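Below: one structure, written as structure tokens.
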Amino acid sequence: MDQFLFFLVAFLAVASAVYFVFARNPLYAILSLIVTMFSIAGMYILLNAQFLAIIQIIVYAGAIMVLFLYILMMLNLNKQDESKKSNTLKITGVLTACLLLIGVLGVFRGVQQNHVVVENVDKGVGLTKNLGRLLFNEYVLPFELASILILAGIVGAVLIGKKDL
């Protein structure tokens, strides 16, 4: 069942990524990229990495894609702008994808099929509880220093953005 779900999510990720590359409408391209990000989060869930899945959804599918949609609305692209583009970028993309495929096939050819039997697998490796325990016990000082650094960056950005202060 897990293998079927993996192939389903992987097919969805690859199909939406291919649609992103070949989409004529930029809005549909961005929406297909959002589907790609959600399917990658689904792969993280299948790998028992729930924290990475949530970060993938919040940061990439949430914040970055909203930023892309906002920029798209601000640019106000028309169909007249799309017709001016040449096909050289598409040809370059196809050639690059072919080179990537050749590289991946070369890697698969060089890898020997070793079947490893895993008996003692820790099912709690990717859980958020274990990450939080490790973060707030062993790495509490670097975590707090990073939060102070981020706070200083936010205050600096506000001070630079506000001319009245």
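Of note:
- The residues packed around ASN137, meaning those with a beta-carbon under 14 Å from its beta-carbon, carry a net charge of 0 if Lys and Arg are +1 and Asp and Glu are -1.
- Summarising the label geometry, the points placed 7 Å from Cα in the beta-carbon direction at LEU75 and PHE108 lie 3.3 nm from one another.
- Fully extending the segment from LEU159 to VAL59 would add 33.5 nm, taking 0.36 nm per residue of separation and subtracting the current Cα-Cα distance.
- Listed peptides 49-57, 33-41 appear in the order 33-41, 49-57 once ranked by packing, highest mean of other Cβ atoms within 10 Å at the front.
- GLU138 contributes an accessible area of around 120 Å² to the protein surface, as traced by a 1.4 Å probe with all chains present.
- FRET efficiency for LEU134 and ALA23, using Cβ-Cβ distance with R0 set to 45 Å, rounded to 0.05: 0.60
- Within the full protein context, the accessible area of TYR19 is estimated at about 110 Å² for a probe radius of 1.4 Å.
The values are calculated or read from the model by the stated rules, or taken from the named source; none is laboratory data. Keep in mind that what you see is a predicted model, and the values were worked out from it rather than measured. Neighbour counts run over all protein chains shown; Cβ positions are idealised from the backbone, glycine included. SASA here: full protein model, heavy atoms, side chains in, ligands and nucleic acids out. Shrake-Rupley method; radii C 1.70, N 1.55, O 1.52, S 1.80 Å.
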